[in-house]
């Protein structure tokens with residue numbers, strides 16, 4: 001399935017930690033881990049302003065509690081407004 005955001009929104013694929021970290025042999029549960037705040041843009045909305053700022057493939061930083069999280073084809077995605085994007089990682 002493919003998402004096509006509207007207006008000033010973008011769809012972000014949330015980057016997850018590749019390794020589970022263990023501190024002193026203690027497994028940290030998912031509920032206690034901090035949410036990632038970086039992701040890859042997979043779709044850009046229809047607004048000309050947002051299309052000038054970001055493009056598909058850009059890695060962006062976003063606010064900690066920003067956007068709406070969804071699961072699509074087994075992958076965690078986030079729909080963000082332009083105002084929720086803090087920076088583009090180069």
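The values are calculated or read from the model by the stated rules, or taken from the named source; none is laboratory data. If you're wondering where the values come from, they're calculated on a predicted model, not measured in any experiment. Every residue, glycine among them, receives a Cβ derived from its backbone with ideal geometry; neighbour counts consider all protein chains shown.
List of remarks:
- Residue count, the range 5-36 (criterion: at pLDDT 90 or above, in a loop (DSSP other than H, G, I, E, B), at negative phi and surrounded by 10 or more Cβ atoms within 10 Å (Cβ to Cβ)): 2
- Across the range 51-66, the qualifying residues are those that are in contact (Cβ under 8 Å) with a residue 12 or more places away in the chain and not in a loop (DSSP other than H, G, I, E, B), and the one among them that is surrounded by the most Cβ atoms within 10 Å (Cβ to Cβ) is 62.
- Being surrounded by 17 or more Cβ atoms within 10 Å (Cβ to Cβ) and under 22 Å from residue 2 (Cβ atoms) is a property that residue 70 lacks.
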